[in-house]
Amino acid sequence: MDKPPLLVLVGPTAVGKTKLSLSIAKAWNGEILSGDSMQVYKGMDIGTAKIRPEEMEGIPHHFIDIVRPDQTFNTADFQRRARETIAEIASRGKLPFVVGGTGLYIESLVYGFEFSEGGADEAFRREQQAFLEAHGELALHARLREIDPASADRLHPNDHRRVIRALEVAHLTGIPQSEHLARQRRESPYRLCLLGLAMEREELYRRIEERVDQMMAEGFLDEVKRLLDEGYGRELPAMQGLGYKELSACLAGELGLEEAVALLKRNTRRFAKRQLSWFRHMREIHWVEAGSGKNFSKQMLEIDAIIAGKINR
C-alpha cells in the first residue's frame, strides 16, 4: 500500500516558519496542522505567536484553539488527532502540512511512536510535586539527571510536567524515558518530506528579542492577567508555558516588569537553542537557511525542488 504524503516544516521560534509555510501551502495545495504544543490552547494568542484568521490567506489551519488552558493535551493526543486529520486532508486531495517547533510532537507523528511507557502512578506524581514545592525545580531536575541524563539534557528545569513524567516513566518501567524514545521504530508511516528552517544565531536571537518586545506592545501582560482572572491558575501546565510563567510571576509581585521581560528573552533564547538541538538529531531533515540576506524567491525554488523529489517520488 502506498504511503500517504506528509510535508513537515520545523525550526526554532521566531525563525520565520509562519510566513514561509503560507507560501509553501499555496504552492502545493496544502492545509496546515500546527505542531506547536501551546497553540492548541484557546485564549493564549499573543504569547504563542498564534496566526490570526485574517493572516491565514485562505489556507485552512488545524490544531489551533482546540482545548481550554485547564484541559490536558499531550503528545499522544496530538499524534492520534493529527493522524486522523492528515487522513481526512489527504482524502480531499490536499497535501497535509505540519508546521511547528515542538520536537516531540513532530517526531512522534512522523515516526509513529507507540505510547506504552507504563501508564501512570498518581501517588508518585504527587510525591515529585511535593519535592518540587519543597526543594525547587533545580533539585527536581537533578533527580532526573541522576537516572536519565539524556532526558535531563532535553528538558528544561522549568518544564515541571515533563520532568515529572520522565521520572515517572523510569519509576514505572525501570528504563529511562530517553531509552524508550531511542527504541521507537524509526520508519515513517508517511511519504515524508522534512524541511528545517535555520538562520545565523545572532540574527535569530535579535528576532527573538524583537518578537518579545512586539508581544509586550500587543498586550501580552493583559492577556496573562485575563487568563488568571478567568481562573486559570499558575500551576496549570499551559500557564507554565514560555512567557506565561514569567509574566504571571510579575503580576504576583515576584518580579518587576523589566526583570520579567529580560527573563523571558533569556528563556526564549535558551528554548530556541534546545529546539535546534532536538531537530539537529532528527534524520532526513533538509535544512534551508533563512535570514534577512536571503532571497525569498530563490529559497522557494530550492524548497520546491526538495518537496518535488520527496513527495512526488
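Out of all the residues in region 141-188, which are among the β-branched types (Val, Ile, Thr) and part of a helix (DSSP H, G or I)? Those that are among the β-branched types (Val, Ile, Thr) and part of a helix (DSSP H, G or I): ILE147, VAL163, ILE164, VAL169, THR173. Using the structure shown, decide if PHE97 is among the aromatic types (Phe, Trp, Tyr) and more than 30 Å from SER21 (Cα to Cα). Considered against the rule, which asks whether it is among the aromatic types (Phe, Trp, Tyr) and more than 30 Å from SER21 (Cα to Cα), PHE97 comes out as no. Each residue in region 30-82 was checked for being surrounded by 15 or more Cβ atoms within 10 Å (Cβ to Cβ) and not in a loop (DSSP other than H, G, I, E, B), and 14 of them qualify.
When GLU146 is tested against the conditions (1) under 21 Å from the mean Cα position of the chain (by Cα); (2) without any contact (Cβ under 8 Å) to a residue 24 or more places away in the chain, the lone failure is (1).
Considering GLU254, GLU246, GLU258, which residue is of a type in the set (Asp, Glu), surrounded by 17 or more Cβ atoms within 10 Å (Cβ to Cβ) and over 30 Å from PHE113 (Cα atoms)? Let's see the steps before the verdict.
Working: GLU254 fails: surrounded by 17 or more Cβ atoms within 10 Å (Cβ to Cβ); GLU258 fails: surrounded by 17 or more Cβ atoms within 10 Å (Cβ to Cβ).
Answer to the check: GLU246.
Selection over region 266-292 of residues that are part of a helix (DSSP H, G or I) and crowded, with 16+ Cβ neighbours inside 10 Å gives a count of 10.
Taking region 1-13 as the range and being at pLDDT 95 or above and outside any strand (DSSP E or B) as the test, the residues that pass are GLY11, PRO12, THR13.
Criterion first (modelled with pLDDT of 90 or more, under 28 Å from SER108 (Cα atoms), in the same structural domain as ARG207 (by TED's automatic domain parsing) and hydrophobic (A, V, I, L, M, F, W, C)) does LEU251 satisfy it? Spell out the reasoning first.
Numbers: modelled with pLDDT of 90 or more: yes; under 28 Å from SER108 (Cα atoms): no; in the same structural domain as ARG207 (by TED's automatic domain parsing): yes; hydrophobic (A, V, I, L, M, F, W, C): yes.
No; evaluated as a whole, the condition is false for this residue.
The values are calculated or read from the model by the stated rules, or taken from the named source; none is laboratory data. Just so it is clear, the model here is predicted, and its values are computed rather than measured. Please note: Cβ atoms are built from the backbone with ideal geometry, for glycine as well, and neighbour counts cover all protein chains shown.
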